[in-house]
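The values are calculated or read from the model by the stated rules, or taken from the named source; none is laboratory data. Predicted model, so just to flag it, every value in this text is computed and none were measured. Quick reminder, even Gly has a Cβ in these numbers, built from the backbone with ideal geometry, and neighbours come from all protein chains shown.
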Amino acid sequence: MELTREEALKYHRQMWEDMQKELGDEPTGRARILFKEKWISEHFPGEKICNDCFLCEFTTDRRCCTDCPIEWDYGWCEKGERNWRNAPISKILALPERKENDGTNKQTSGD
């Protein structure tokens, strides 16, 4: 699925806000995985989204975590003790956007 940076951020926030409303601020990792799968199948039927994450989908042709449009605290994306599987959703939603021109999130045009 081709996404603009703005669309990736918008759908990321929509999905996590809906998850927070339905499951609370600290659902289990398994509940998050199941919610993401269900949310995507309901809102984007037939689409395969990389890692069920619009941010990953946006960065598929780039360096996934390092080019993410969100400034994850170190290790939050996949590696640290607190990551998207167990961090409070309120903290995930509060993470700032990465600056577009910081040298690590350059979009390419057809390269």
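Some points to look at:
- Taken residue by residue, region 23-32 has no member that is touching a His at 6+ places or on another chain (Cβ under 8 Å), in a helix (DSSP H, G or I) and at pLDDT below 95.
- Filter result for residue 10 (at pLDDT 95 or above and farther than 22 Å from residue 68 by Cα): no
- Taken over region 18-64, the residue count meeting the criterion of being within 13 Å of residue 84 (Cβ to Cβ) and of a type in the set (Asp, Glu) is 2.
- Residue count, region 78-101 (criterion: at pLDDT 90 or above, under 18 Å from residue 66 (Cα atoms) and loosely packed, with under 14 Cβ neighbours inside 10 Å): 2
- Of all the residues in region 20-58, those that are under 22 Å from residue 6 (Cβ atoms), surrounded by 15 or more Cβ atoms within 10 Å (Cβ to Cβ) and touching a residue at least 24 places away in the same chain (Cβ under 8 Å) number 9.
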